[in-house]
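Working notes for the structure below.
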Protein chains: 2
Amino acid sequence: MSVVQLNQKPQAHPITVAYGDGIGPEIMEAVLKILAEARVPLNIDTIEVGQKFYEKGVTTGIPPAAWDSIRRTKVLLKAPITTPQGGGYKSLNVTMRKSLGLYANVRPCVSFHPYIKSMHANMNLVIIRENEEDLYAGIEYRQTHDAFQSVKMITRSGTERIMRYAFEYAVANGRKKVTCMSKDNIMKLTDGAFHDAFNRVAKDYPQIEADHYIIDIGSARIASKPHIFDVIVTENLYGDIISDIAAEVSGSVGLAGSSNIGANYAMFEAIHGSAPDIAGKDIANPSGLLHGAIMMCVHLGLAEEASKLHNAWLKTIEDGIHTVDIFNDMSKKKVGTKEFAQAVIDRLGQEPSTYRVVKYQKTHGSAASHAVMAEPKEKRELVGLDLFVRWVGTNVNDLGESLSALSTDALGLTMLSCKGLKVWPDIITEMDVTDRFRARFMPKSGITPTLKDVSDLLSRAADKGIDFLKIETLYTFDGKQGFSASQGE
Amino acid sequence: MSVVQLNQKPQAHPITVAYGDGIGPEIMEAVLKILAEARVPLNIDTIEVGQKFYEKGVTTGIPPAAWDSIRRTKVLLKAPITTPQGGGYKSLNVTMRKSLGLYANVRPCVSFHPYIKSMHANMNLVIIRENEEDLYAGIEYRQTHDAFQSVKMITRSGTERIMRYAFEYAVANGRKKVTCMSKDNIMKLTDGAFHDAFNRVAKDYPQIEADHYIIDIGSARIASKPHIFDVIVTENLYGDIISDIAAEVSGSVGLAGSSNIGANYAMFEAIHGSAPDIAGKDIANPSGLLHGAIMMCVHLGLAEEASKLHNAWLKTIEDGIHTVDIFNDMSKKKVGTKEFAQAVIDRLGQEPSTYRVVKYQKTHGSAASHAVMAEPKEKRELVGLDLFVRWVGTNVNDLGESLSALSTDALGLTMLSCKGLKVWPDIITEMDVTDRFRARFMPKSGITPTLKDVSDLLSRAADKGIDFLKIETLYTFDGKQGFSASQGE
C-alpha cells in the first residue's frame, strides 16, 4: 500500500482509492490527474482490492489492509471491479455496503442533450435507493417439494432514515420535490410502513414538494416522462429496477456516477463495469468515475472544487471532445482516455454555454444518520398464530379436521389458506393448490394467548405427526391488527 | 339478467358480458354491435356487477347471479368497473382472478406507428404475467414495533404451469421467442426456481428461442428497445411493473386489451379504466375492449372472425378515423364512440395496407392447464431451525448468551443475524440493527433433529421468557441446502 500525496496541505482530506480491474486503472489515473490539476486538497491512500485477491482465495476480494485504510479515511473512491463468476466469490460492492452500513445508494440520472444522444432532452433526476432491507436481505427457504419462500423485510427505523436522507439531500442540493414510490395498495403493511414514514418525514420539510407514485405507474413514467421527477426515494428492489430504467433512457449509462452513503462511511464510483475487453487500450471514458469523484468532493464539503470539475467536464462535452462510446454527429473530435482527461484539465475554470452552469453549495454533503428506533409506545399484544404445514391430499376438510384437533380456547383453528387465499371452512376458489397450507389459530373471545400456548400447540402438532414448516405469531399494536386477512376472508 | 341472443346458431358460443361502470356501457354497446355485424357466433348472457352492487353492500361487487352465469359460460367479456375507494371494498378483478383460478395475465403491447404516436415504431410484444403467487398473495406481518414482513411465495407447480402456458401461447400465435425475467442473482431459491422451471419447460419447445433477463436490465430494455422482445414471461410483481412500462412506451394504453386465463375460465377486457369523467358523452374509444373481444374470439377458436375484426380495426386506424384520445396530425376525421364503431363495421372484410395483415390460426386459444405437483422424489430432511426473536439491547453477546442456553445436541445455536447479515458470534458490520433478530440452530454432527426437537426448543424459549416471533424450519432436498446462508456467514 503506497501513500500518494497530492497537493498536500494541512486541510487535505484523507481518502482511500482503489484502482480496480479492467479499465479501472486507466480511468482512475485520468480522474486523479484531473483532481490534482484542479487542486482538490486530498490526501490519498491507495489500496488494492478485487480480481487479484479473489484469485488468491479472498472470497470478498478485500484484504485486511484495505479495510484498515477505509476505516481510517472513511471515504472510498473506487474504480470498477471484476467479480469472478461462481465459486463462492462475493460481490465486493455488496460486502462494502453491508459491512460499512452504506444504507443509501444515490444515483443521479441526467441527459446531456443535444451533445449526447438521449431519449429525453430534459432529464435530471436523482434516485435514492434504500440499500439494506427488502427482499435483498437474502432470507430464503425452500419449505416443501413445491413451495419456496423469500422474506421481504422493512423496518420503521431504516425507512425513516432513508426518508430523512432523501429530504436532506433535496435541501442541500437545491432540489424542489421528493417522490416516494411503493406498492402500498397491495403490500399494505410493509410498503404501507414505507409510505407512512415518507409522509411523516415530509412534514418536517414544508419547503420541499412531496408526492407518491405506485411503483408500476412510476416506472412507466420514468420511461416516458422522466422530466417530471426530481428526487425519487424507494425500496431496494424497486430502486434497482428504476435505476436501470432511468440510466438507460437518459442515454448516459457510461457517464454516470453513484454514491453509497452510511452514517460513518461513503463510497463513490462509476455505475458502469470494468469492461475487460477494452482494458489497456486508452479508449475508455473516465466520465462516470469523474462524476463519482465530483459527488465525493461535494460530500467532503469541497463545493467550489466540485463545481469547477463539473463545469469543465460540461464544457468539454459541449465542445464536442468525445470518447468513442459517446461519439455522434454532434462530436468534433474523437479522443482517448488521456486526451479526454487533458481536455477537461484545459477547461478547468471555464463554464459551459449551452448546458446550465453547475454551482454546488458548501453544505456538508453527508446528511447521513443512524437508524434510530422509536420508543415502543404502542401496546403490542399477542392475538393468534399462523401455523404453516406441508400437506398433500384431495379433500381439504381432512386437513381442517386434523388441525382442529390442536385447538384450545387460547388458540382455536379459524381458517386455512393456500397461496394467501382462504380454502377452509368455505371453499371459494377454483385455484390449484400447492403442498403448503396456512392454518390460522385465534383465541376464544375474552382470552389472551401466551407464547406458552404457542409452544404447547406446536408440541401437540409434533406429537400428532403434523408436518409443520413455520409459524408466525399474530400481534395487535394499540389494538390495530398487525397482520393481513386472507383473500376471501 | 337478460339474455340477448346475437346471431344465434346451434354452434354459437355461450359467453357472459358485463357492461361495467363509467364509459363501460357505451364501449360495450359499440363492441357488441361490431361483433354482431361481423357475425361472430355468440350466445350472450348479460350480468350486472360493479358500482351498483358495491353501493348495495356487496363487498366484491359481484352478486350470486353473476357467478352463476360465469360458471355456466366459462367466458367473461367485461367492461371497466369503478371500485369505490376505502371502506373494505374489494377489487372485482382480483376477486375474479382468485376465485376462478385465472393464473395467467396476457397483455399484448403493440405500437401503431405512424398513425398513432409512439416512442417506438416496431413494438409488438406480449407479457405473460403469473397471477396467483409472489408478494401479491398478501401474506404480511408486523412483527415488532420496528419490523414488518411480507412473504414472497413461489411454487414449482405454479411456475411450471405459467411457463408451459407462455410457450404454448408462443406456438399457437406464431411467436418466435420467449424471454423469462427474474432476479435470480439475488433471490437464488425463489427466482431461481422460477428460472429453473423456464429452462426445463423450454426444452420441450426447441422451435422457440428462449432467453433470460435480470428484471432490472429487462425493464430498462423494454423502455429503450422493446422491439427486441417477443413473448415475455415473468412473476406477478415484475409483470405488474413491466406491463405498465410496455403499455406506456407503446403509446397504446387506450387501445390495448388483456386476458386473464385459467384452466376452466377466462376473462377478457380493456386495460384502461372506467373514466367516469367522460362517461355518457359518446367520445370514449372502444378499441381496448374490442381488442379484448378479439382475444376472446381467438380463445373460442374463432380465428377467422378474430382476423376479420382485427384487420377492419387496423384499416380504420390507417384511414385516420380516430377518436379524440388518439387524434393527431396523421388523423383525418375525429369521431365519437358510435361513429368509430360504424367505421370498423364498414371495413369488415377489408385489410390494412400499411400495417401488416393479421391472420390468426385456428388453434384453440386456451392452452391453459392445471398446476400439477411433481412426484416428491427428492429426499427432504430436517436439518435445523431459524428462530426469530424480538430483542432490544446494546450488546448482541447478551442475546447470544441467552439463546445459547436453549441449545441441545439436536439444535445448537450457531449464528445470529439481523436484516440478513450475521451479527454473532463475529460482528462484521457497522449496520444499524432493528429489534428483530434471527437465531440459527443446527445439530451436532451425526445427529438428525426432529420436529419434536423444534417444539421442545420453543417450549424452553417460552419458559425462559424469550420473545420469539417466528420460526422457519430448515431442510435439505437430496442433500442440497433449502435455505440461504446469512450474508457474512
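Here are the numbers:
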item: Accessible-area composition of the protein assembly as shown, carbon plus sulfur, in percent [1.4 Å probe]; result: 50 percent
item: Unsatisfied cross-links (Cα-Cα over 19 Å) in the set B:Lys56/B:Lys281; B:Lys188/B:Lys377; A:Lys152/A:Lys419; result: B:Lys56/B:Lys281; B:Lys188/B:Lys377
item: Per DSSP, loop trypsin sites (Lys or Arg not before Pro) in the stretch B:305-362 with at most 15 further Cβ within 10 Å; result: B:Lys332, B:Arg356, B:Lys359, B:Lys362
item: Whole-number D in µm² s⁻¹ for the protein assembly as shown, Kirkwood Cα-pair radius fed into Stokes-Einstein, 25 °C, 0.890 mPa s; result: 81 µm²/s
item: Residues of type aspartates and glutamates that A:Lys78 reaches as a straight line, Cα spacing below 14 Å, ignoring anything fewer than 8 places off in the same chain; result: A:Asp21, A:Glu26, A:Glu29, A:Asp45, A:Glu48, A:Glu269
item: Hits among lysines - C-alpha to C-alpha of A:Lys176 under 19 Å, sequence gap 8 or more where chains match; result: A:Lys203, A:Lys225, A:Lys359, A:Lys362
item: A versus B: buried accessible surface, summed, Å² (probe 1.4 Å, to nearest 100); result: 9700 Å²
item: Nearest-first distances (nm) between copies at A:Lys225, label 7 Å from Cα via Cβ; result: 2.8
item: 12 Å Cα-Cα reach of A:Lys422 towards aspartates and glutamates, excluding residues that sit fewer than 8 places from it in its own chain; result: A:Glu430, A:Glu489
item: Contour minus Cα-Cα distance for B:Asp409 and B:Asn122 (0.36 nm per residue); result: 96.9 nm
item: Mean-position separation - Cα centroids, the stretch A:193-265 and the stretch A:70-107, in angstrom; result: 21 Å
item: Estimated FRET transfer efficiency (A:Lys444, B:Val94; beta-carbon r; R0 22 Å; 0.05); result: 0.10
item: Helix axis angle, A:215-224 relative to chain A longest principal axis, alpha carbon, degrees; result: 30 degrees
item: The stretch B:1-138 shape via C-alpha gyration tensor axes, a/c threshold 1.5; result: oblate
item: Calculated FRET value between B:Lys188 and B:Asp211, using beta carbons and R₀ = 22 Å, to 0.05; result: 0.70
item: Prolate/oblate/rounded label for the stretch A:237-282 (Cα gyration tensor, a/c 1.5); result: oblate
item: Average accessible surface area per residue within the stretch A:355-489, 1.4 Å rolling probe, Å²; result: 45 Å²
item: For B:Asp409, inter-copy label distances in nm, listed shortest first [label point 7 Å out on the Cα-Cβ vector]; result: 4.1
item: The stretch B:257-343: C-alpha gyration tensor shape, a/c 1.5 cut-off, then a/b vs b/c; result: oblate
item: The stretch B:194-237: Cα Rg divided by the 2.2 N^0.38 Å rule of thumb; result: 1.23
item: Helix-only CD estimate at 222 nm, as mean residue ellipticity for the protein assembly as shown, using -39500 (n - 2.57) per DSSP H run (n ≥ 4); result: -9500 deg cm²/dmol
item: Taking chain A and dividing mean pair separation by its residue count, relative contact order in percent (alpha carbons under 8 Å, at least six apart); result: 15 percent
item: When chain A is reduced to its Cα atoms, the Kirkwood hydrodynamic radius in Å; result: 25.3 Å
item: Using alpha-carbon coordinates, inclination of helix A:451-463 to the longest axis of chain A, degrees; result: 70 degrees
item: Label point 7 Å beyond Cα along the C-beta direction, distances from A:Thr59 to other copies (nm, shortest first); result: 4.8
item: Shielding score for B:417-425, defined as the mean number of other chain Cβ atoms within 10 Å; result: 4
item: Among B:Ala137, B:Gly24, B:Gly465 the positive-end extreme of the charge dipole of chain B (Cβ point charges); result: B:Gly24
item: Residue of chain A nearest the A-to-B rotation axis [by Cβ], rounded angstrom distance; result: A:Ala223, 2
item: Part-to-part distance (alpha-carbon centres) for the stretch A:156-178 and the stretch A:285-360, which is given in Å; result: 27 Å
item: Solvent-accessible heavy-atom area per residue, rounded to whole Å², over the stretch A:87-136 at 1.4 Å; result: 29 Å²
item: Rounded Å value of the spacing that divides the Cα centres of the stretch B:403-430 and the stretch A:395-471; result: 30 Å
item: Residues of the stretch B:223-346: accessible area per residue with a 1.4 Å probe, Å²; result: 28 Å²
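The values are calculated or read from the model by the stated rules, or taken from the named source; none is laboratory data. For clarity, every value in this text was computed on a predicted model and none was experimentally measured. Don't worry about glycine lacking a Cβ; one is built from the backbone with ideal geometry, like all the others, and counts go over all protein chains shown. These area figures cover heavy atoms from the full protein model, side chains too; ligands, DNA and RNA do not enter into them. Shrake-Rupley method; radii C 1.70, N 1.55, O 1.52, S 1.80 Å.
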